[in-house]
Amino acid sequence: MAEPITREEVEHVARLARLALTPEEVERLTGELGVILDHAGDVSALDLGDVEPTAHPLPLVNVLRADEVRPTLDRDEVLAAAPDAEDGRFRVPRILDAP
Amino acid sequence: MSAPATDLAAAVRSGTQRARDVVEERLADIEARDPELHAFLLVLGDDARVAADAVDAAVAAGDDPGPLSGIPVVLKDNLCVRGTPTTCGSRILDGWRPPYTATVVERVKRAGGIVLGKTNLDEFAMGSSTENSAFGPTRNPHDVSRVPGGSSGGSAAAVAAGFGLLGLGSDTGGSIRQPAALCGVVGVKPTYGMVSRYGLVAFASSLDQIGPFATTVEDAARLLDVIAGPDPFDSTCIPDVPPALEPTLRDGVAGLRIGIIEELTDVDGVQQEVRAAVEAAAAALEAAGATVERVSVPSTVYGLSAYYLIAPAEASSNLARYDGVRYGLRVEAEDVATMNAATRAAGFGPEVKRRIMLGTYALSAGYYDAYYGQAQRIRTLIIRDLARVYESCDALLSPTSPTVAFEVGARTADPLTMYLSDVCTIPSNLAGHAAMSVPWGTGAENLPVGVQVLAPALGEPVMFRVAQALEEAAP
């Protein structure tokens, strides 16, 4: 497996990850990710079709708490940490009809 | 051997030592020596004085402030304290003051511990040398030309330098144990789910665990006993309260069956003096009545590859929250997507970007099963292999780090070489097991060597007995 990652793939992944990379960063990451993925190739080449994947070390499912009203974080304190807020809400630049 | 933290707590509780004096002495020491080491990102002098005075007042009034009375404790700067800047070693959290406090910090304070400051780390705990901090590297107190290890290098260095008697770090692939080994202190990664992670900034949620640094095994047990146990704010906690470790610490190792993991010990890349330390440690346990054998855990050779797919995959998801909307840095732009991408480009350092990219790729359409899926299957194999070995062993030994502390800058140019620092510590995170590093003398150039003790999930009582026996026998 472990085909080297291409420059175009790096640019695509950067868009998925919302990272504005410079051309130099794309160049460097194409090389570095290629080396790391090549090393990881020993894993992708193994025949493990009959082995169940493990996502989490504990067999916990559906941990629930009592449905009681409890104090929560202070809204003003939380919003004070935001870069921009208005009328008790986070404020962001335009989402619709973005240029 | 004395245990500085537990001895100090006893003195403060009995009124023979004032917490305020201890704090003043530590703060003066930090002011004098930390400019060279850079263990701290933030020293909380005023808060520490107020807390120390409260402990002294409680003692004077005949109350018991608790098992950590007057002990200076340092916190890795990915643990939240309400109203106190928390950076994770990153520019992207610039100016952020958390609106809540981590459960472990609440428990330390409730037990009479004094929070002395926030310590340096690799950005978002991603690294093995503390060189990935946006605020500059930490130096090893044993040799300032060397790294302290990482990612919890600030806490390890602070405890090794005597700034704090106890420290807290987080361990996702070795980030407590490896710096403990390189700085010559005790570092523990508890069983996954034993310690609440509420208020720990998430890196890789199926692997992260908070644990103690100390100069002795007994002191580490004292701190772990304080922070362990379920928490309604963390649904991934094991629901049962674990047994206290301090009472059984000196029960000895007679009759225990110890295995040395071949694949992590007898391989290229492990320095000769590190391997010799593991051999000597095993011989000491044998002399104390344990039996020792070599064991094979074949799947551990794939641990590194599996880890460097799983951890970045989880990190790429966890770090999506740093988008310039709710906290920290924002780089203004016309529309929200451009603002997100510009903010993340400006706020994250090279290693964090590398892991976000790697993780996003490993989870992307067409590659998910070949990389992330395969890594999860390796995880199953490691759990199976370890379960088989633990049928005939009570605890295992290996090096903590393949090498002693390396020179600042020696591994920064090559990510893969840096990743190899974690090869011995990763299997315990993948399995969710307990493991700790215990100092075992010094190797080349008088640098500390650590021996790793591994135990199955909730195997802490036996693991600490082995660690205590090693400490008593160590050169």
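Remark: region B:20-99 carries a charge dipole of roughly 460 debye about the Cα centre, counting +1 on each Lys and Arg Cβ and -1 on each Asp and Glu Cβ.
Packing order of peptides B:463-471, B:423-431, highest average first: B:423-431, B:463-471 (average count of other Cβ atoms within 10 Å over each peptide's residues). The per residue volume of the convex hull around the alpha-carbon atoms of region B:140-253 is 109 Å³. In this label model, A:Asp87 and B:Ala346 are separated by 2.7 nm, measuring between points 7 Å along each Cα→Cβ vector.
Quantify how much of the Cα-Cα distance distribution of region B:309-393 extends past 16 Å, in percent.
On the way: 2228 of 3570 pairs.
Counting pairs separated by more than 16 Å, the tail of P(r) holds 62 percent.
Ellipticity at 222 nm from helices only: DSSP H runs of n ≥ 4 in chain A, each -39500 (n - 2.57), divided by the residue count, give -12000 deg cm²/dmol.
Note on B:352-363: average number of Cβ atoms from other chains within 10 Å of each residue's Cβ is 6. I need the shape label for region B:244-321. Rule: rounded when a/c is under 1.5, else prolate if a/b > b/c, else oblate, with a, b, c from the alpha carbon gyration tensor. Oblate, because a/c is 1.5 or more while a/b does not exceed b/c. Across region B:288-296, rounded Karplus estimates of 3J(HN,Hα) from the backbone phi angles (6.51 cos²θ - 1.76 cosθ + 1.60, θ = phi - 60°) give 8, x, 8, 9, 10, 9, 7, 10, 10 Hz, Gly and Pro being marked x. Pairs of lysines in chain B whose Cα atoms sit within less than 18 Å of one another amount to 4, provided the residues are eight or more positions apart or on different chains. What is the sum of charges around B:Asp171, taking Lys and Arg as +1, Asp and Glu as -1, for the other residues whose C-beta is under 13 Å from the C-beta of B:Asp171? Within the 13 Å Cβ shell, the charges total +1. For region B:385-475, taking Cα atoms only, Rg and Dmax work out to 14.6, 43 Å respectively. Length gained on full extension, B:Asp251 to B:Glu407: 52.2 nm, using 0.36 nm per residue less the C-alpha separation.
Give me the inter-chain shielding for B:320-330: mean count of other chain Cβ atoms within 10 Å, whole number please. Display every interim value, and only then the final one.
Working: counts 2, 0, 1, 2, 6, 7, 8, 6, 3, 1, 5.
Other-chain Cβ atoms within 10 Å of each residue's Cβ, averaged: 4.
Shape of region B:200-331 from the C-alpha gyration tensor: oblate (a/c of 1.5 or more and a/b not above b/c, with a ≥ b ≥ c the square roots of its eigenvalues). Its DSSP H runs of at least 4 residues, each contributing -39,500 (n - 2.57), put the calculated 222 nm mean residue ellipticity of chain B at -11500 deg cm²/dmol, to the nearest 500. The distance from the alpha carbon centre of region A:21-99 to that of region B:218-286 is 31 Å, rounded to a whole number.
For B:Trp96, B:Trp440, what's the fewest-to-most ordering of other Cβ within 10 Å of each Cβ?
Numbers: B:Trp96 19, B:Trp440 27.
Ordered by Cβ neighbours within 10 Å, fewest first: B:Trp96, B:Trp440.
Of the three principal axes defined by the Cα atoms of region B:127-199, the extents in descending order read 37, 25, 18 Å. For A:Arg28 and B:Thr417, a Förster radius of 22 Å and the Cβ-Cβ distance give a FRET efficiency of 0.85, rounded to the nearest 0.05. Shielding of peptide B:345-351 by partners, expressed as the average count of other chain Cβ atoms within 10 Å per residue Cβ, is 2.
Applying the Karplus relation 6.51 cos²θ - 1.76 cosθ + 1.60 with θ = phi - 60° to region B:261-268 yields 3J(HN,Hα) values of 6, 4, 5, 9, 10, 9, 10, 4 Hz, where x marks Gly and Pro. Evaluate the Kirkwood expression for the hydrodynamic radius of region B:1-46, namely the inverse of the mean inverse distance over all pairs of different C-alpha atoms, and round to one decimal in Å. With all distinct Cα pairs of region B:1-46 included, I get 12.1 Å.
Which value, in debye to the nearest 20, gives the size of the charge dipole of chain B about its Cα centre, when Lys and Arg are +1 and Asp and Glu are -1 at the Cβ?
Working: 37 positive and 56 negative charges, 169 e Å.
That gives chain B a dipole magnitude of about 820 debye.
Considering only A:Ser44, A:Ala17, A:Gly34, the residue lying farthest towards the positive end of the dipole of region A:12-67 is A:Ala17, judged by Cα position with unit charges set on Cβ. With Cα atoms defining each centre, region B:394-428 and region B:319-389 are spaced 22 Å apart in the structure.
Give me the extension gain from A:Asp38 to A:Asp74: residue separation times 0.36 nm, minus the current Cα-Cα distance, reported in nm with one decimal.
Details: separation 36, 0.36 × 36 = 12.96 nm, distance 4.78 nm.
Gain on extension, A:Asp38 to A:Asp74, equals 8.2 nm.
Sorted into 10 angstrom bins from 0, the C-alpha pair distances of the protein assembly as shown split as 4, 18, 29, 28, 16, 5, 1, 0 percent. For the peptides A:26-36, B:230-240, B:441-451, B:134-144, the ranking by packing is B:134-144, B:441-451, A:26-36, B:230-240, with the highest mean count of neighbouring Cβ atoms within 10 Å listed first.
Assign one of three labels to region B:71-213, namely rounded, prolate or oblate, based on the Cα gyration tensor with a ≥ b ≥ c the square roots of its eigenvalues; rounded applies when a/c is under 1.5, prolate when it is not and a/b is larger than b/c, and oblate otherwise. Taking the square roots of the gyration eigenvalues as a ≥ b ≥ c, region B:71-213 is rounded. Short-range pairs are left out: with C-alpha atoms under 8 Å and at least six residues apart, the relative contact order of region B:302-422 is 31 percent.
Per residue, the average separation of C-alpha pairs within less than 8 Å and at least 6 apart gives chain A a relative contact order of 23 percent.
Taking only C-alpha pairs under 8 Å that are 6+ residues apart, what is the relative contact order of region B:82-150 in percent? It would help to have the intermediate numbers written out before the result.
Details: 96 pairs, mean separation 18.0, N = 69.
That works out to 26 percent.
For region B:216-274, the alpha carbon positions stretch 45, 29, 22 Å along the principal axes, listed from largest to smallest.
With the radius of gyration and the Kirkwood radius both derived from the Cα set of chain B, what is their ratio Rg to Rh?
Details: Rg = 21.1 Å, Rh = 22.0 Å.
Across chain B, the Cα-based Rg/Rh ratio is 0.96.
If r is the Cβ-Cβ distance from B:Arg294 to A:Asp67 and R0 is 35 Å, what FRET efficiency results, to the nearest 0.05?
Working: r = 54 Å, r/R0 = 1.53.
With a Förster radius of 35 Å, E is 0.05.
Karplus-based coupling profile of region B:66-74, in residue order and whole Hz: x, x, 10, 2, x, 7, x, 10, 10, with θ = phi - 60° in 6.51 cos²θ - 1.76 cosθ + 1.60 and x standing for Gly or Pro.
Taking every Cα-Cα distance in chain A and sorting them into 5 Å bins from zero, the calculated P(r) comes out as 2, 8, 9, 9, 10, 11, 13, 13, 12, 10, 3, 0 percent.
Each value in this text was obtained by applying a stated rule to the coordinates, not by laboratory testing. Keep in mind the model is a prediction, meaning the values are calculated, not measured. Heads up, the Cβs are rebuilt from the backbone with ideal geometry, glycines too, and the neighbour counts pull from every protein chain shown.
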